[in-house]
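Accompanying notes for the structure given below.
The values are calculated or read from the model by the stated rules, or taken from the named source; none is laboratory data. Note that this is a predicted model, so its numbers are computed, not measured. Please note: Cβ atoms are built from the backbone with ideal geometry, for glycine as well, and neighbour counts cover all protein chains shown. Accessible surface areas use protein heavy atoms only, side chains included; no ligands, DNA or RNA. Shrake-Rupley method; radii C 1.70, N 1.55, O 1.52, S 1.80 Å.
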Amino acid sequence: FAQKKEKLTDVIAVEMDVRKKEDYVRFISDGVKNFGRVDVLVNNAGVLWKLAGIDDVMEEELLDTFETNTFGPIYCAQAAVRAMKEQGAGFIVNIGSTSAVDFKSSHIAYGSSKSAIIGLTGCLREELKGTGINVVCISPGGMKTNLFRHQQERDRSSYMDPRLIADKIIENIEN
């Protein structure tokens, strides 16, 4: 959560499980309680997925990936939009992935779930026209985070620094 001043400041990052309704409802209501409003929602859910094609992807993996990467951001946006409509303004940033458009046969679950985020962004943007709520999607490639810490065989040398994406988010919000 952030308290808006001249520039984006007083930011609080909140860790939660977006698959749990009580977490995202609490997340938004705590933000309104602490700051009086919700100015920005960054839908940045992450899940470690196995590389698998259509013949090998397991139902449990599909459900976990879609619950985290797709349903979670939809539900969080739903809760945030209610608050943002009441205040007449807001900004939603959905974090997609290059996997949504750079198709790989081994990314069935992940690529499909992130493709849905692009669709969510477009549909929300259209639905919220004229409300003062802006919606964008940023789709980075691999990120240098702890998400892949257990996959030593993965070459992460070309992965991006998360601060670059954070700077892009702030740039979009401030413009």
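Observations on the model:
- For region 40-50, filtered to residues that are under 25 Å from Gln87 (Cβ atoms) and aliphatic (A, V, I, L, M), the residue that is most open to solvent (accessible area, probe 1.4 Å) is Val42.
- Per-region count, region 62-90, residues under 17 Å from Ser139 (Cα atoms), open to solvent by less than 20 Å² (accessible area, probe 1.4 Å) and aliphatic (A, V, I, L, M): 0
- Residue match in region 127-146 (condition: in a helix (DSSP H, G or I), modelled with pLDDT of 75 or more and either closer than 19 Å to Gly111 by Cα or not basic (Lys, Arg) (or both)): yes
- Any hit, region 71-78, residues being within 20 Å of Val40 (Cβ to Cβ), within 13 Å of the chain's Cα centre (by Cα), at pLDDT 85 or above and not in a helix (DSSP H, G or I): no
- Whichever residue in region 1-39 is within 20 Å of Phe71 (Cβ to Cβ) and either open to solvent by 100 Å² or more (accessible area, probe 1.4 Å) or charged (D, E, K, R) (or both) and, among such residues, is modelled with the lowest pLDDT: Glu15
- If you go through region 51-61 and keep only what is touching a residue at least 40 places away in the same chain (Cβ under 8 Å) and open to solvent by 90 Å² or more (accessible area, probe 1.4 Å), you end up with Leu51, Ile54.
- Residue within region 83-91 that is assigned to a loop (DSSP other than H, G, I, E, B) and either over 18 Å from the mean Cα position of the chain (by Cα) or hydroxyl-bearing (Ser, Thr, Tyr) (or both) present: yes
- Listed by first and then second residue, the pairs linking a residue in region 150-175 that is more than 30 Å from Gly90 (Cα to Cα) to a residue that is outside any loop (DSSP other than H, G, I, E, B) and modelled with pLDDT under 70, with Cβ atoms under 6 Å apart and 6 or more places separating them unless they lie on different chains, are Arg154/Phe148; Tyr159/Met143.
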